[in-house]
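Chemist: I have a structure I would like to understand better, so I am pasting it below and will then ask my questions one at a time.
FYI, it's all coordinate maths here, none of it is from the lab. The shown structure was predicted, so the numbers you read here are calculated from the model rather than taken from an experiment. Counting neighbours? That spans all protein chains shown, and the Cβs are built from the backbone with ideal geometry, glycine included.
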Amino acid sequence: MKIIRWTSLSVGLFIVLALLFPTWTPGIQGERAISTLGQVDINGAGHEVMIRGADRNNPILIFVHGGPGCSEIPYVRKYQDSLEQDFTIVHYDQRGSGKSYHFFEDYSTITSDLLVKDLLALTDYVTELLEQDQVILAGHSYGTYIGMQAAAEAPEKFKAYIGIGQVADHDASELDSFAFVLKKAAAAKDKEDVSRLEKLRPLIESGEERTPRGLIRKYGGAARLIDDNGDYIEGFIKNREYNLLDIIRYSRGIAATQERLLREEKDKPITELVRSLSIPCYFVMGTYDYMTSAKAAKSYFDVLEAPVKSYVEFEHSAHYPQFEEEERFADWMRGVFLNGKRGNAHEQTKTNPNLR
């Protein structure tokens, strides 16, 4: 009985410590370095904000995570060592996501409009903190839906917009994803997957359902050079930015916000909301991206108006080119914004002389 009692007490103590263990982000050496993680009141709500960089005077780069609800703070340090040398990088958990999810708060009416206002307020906070006038704005996946709207609403705050895994026409993207997965399943002679997809075909073609993300991931349309799900697990276990309570917040946030925000993204396509930007615009896409179809993103790029725009394709990547080919992405960033060495990504640039 004593052994059982002590075992129970030990397990209980371990769980309590895991739930409440302090969180931080590791320091960066250098007099002008910055490495902070903590809650900041942004637009009337507590937001978790992580800022890292070797020199706080470097250009600011704000990343807007996707999902919706899928913070990248738990694991992103793994992929940004090089970028931290030349940019001051800001990640934040969006309202109701990850460490910005607060128990007993109501997220049933959350909208992209509110998330855009939060992003603009965060931008003001960061530029004031770091004493700079503008930032480079990068959205990833669903984060591009928020980022593009912010860039269109307040272009004076941003040097440029980067859409990584850019969302475009929702229905066209889903049809591309469905065709890809069905072709791969048929080639693999996986009768179970083919049967499942054929049953879903009418719902996907009518826009009522999305192509199963598990199947897109299974057949290489999500990530090819990294294990994206594995990165989350490793980050949750090994990294110090999140504890067990934060993991619970992460899961609760997805459950509370994702369905509503995805429905809004479908009903109000970004292709209709933003038809032009007045700042330089870059789409960074993996050739094999079928989470947000590269083909649909290219169609959007072709009609989007901007003073300078570039479609950048990473030929070995899927939905995470900034991680799957991290050094090439860092080289490309330096080439565009610091006049440094340009990476090997295929880039198509167009300049519109009528937009300034």
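Chemist: Taking segment 202-241, which GluC sites (Glu not before Pro) meet the DSSP loop condition and have no more than 11 other C-beta atoms within 10 Å?
Modeler: Answer by residue number: 208.
Chemist: Sticking with this one: Between residue 251 and residue 275, what is the label-point separation in nm under the 7 Å Cα-to-beta-carbon projection?
Modeler: 4.5
Chemist: Name the residues of segment 102-129 whose amide N is less than 16 Å from a point 7 angstrom out from the Cα of residue 36 along the C-beta direction?
Modeler: It comes to 121-129, nothing else.
Chemist: Arranged by the count of other C-beta atoms within 10 angstrom, fewest first, what order do 206, 112 take? Kindly include the intermediate steps, with their values, before the conclusion.
Modeler: Values: 206 9, 112 20.
Ascending number of Cβ neighbours within 10 Å: 206, 112.
Chemist: Go ahead and run the numbers for FRET between residue 128 and residue 302, Cβ-Cβ distance against an R0 of 45 Å, rounding to 0.05.
Modeler: Efficiency, rounded to the nearest 0.05: 0.75.
Chemist: Could you work out the equivalent-ellipsoid semi-axes for the chain, taking the square root of 5 times each eigenvalue of the Cα gyration tensor, largest first, in whole Å?
Modeler: Taking √(5λ) for each eigenvalue gives 31, 28, 20 Å, largest first.
Chemist: With a 10 Å radius around each residue's Cβ, average the other Cβ atoms per peptide and rank 115-121, 28-34, highest first.
Modeler: Taking the mean over residues of other Cβ atoms within 10 Å, the ranking is 115-121, 28-34.
Chemist: Any chance you could run the full-extension gain for residue 194 through residue 229? It's 0.36 nm times the residue separation minus the Cα-Cα distance, nm to one decimal.
Modeler: Full extension from residue 194 to residue 229 adds 10.2 nm.
Chemist: Extension gain residue 316-residue 339, at 0.36 nm per residue separation less the Cα-Cα distance, in nm?
Modeler: 5.8 nm
Chemist: Packing-wise, with mean Cβ within 10 Å as the measure, how do 212-225, 64-77 rank, highest first?
Modeler: Sorting 212-225, 64-77 by mean packing, highest first, produces 64-77, 212-225.
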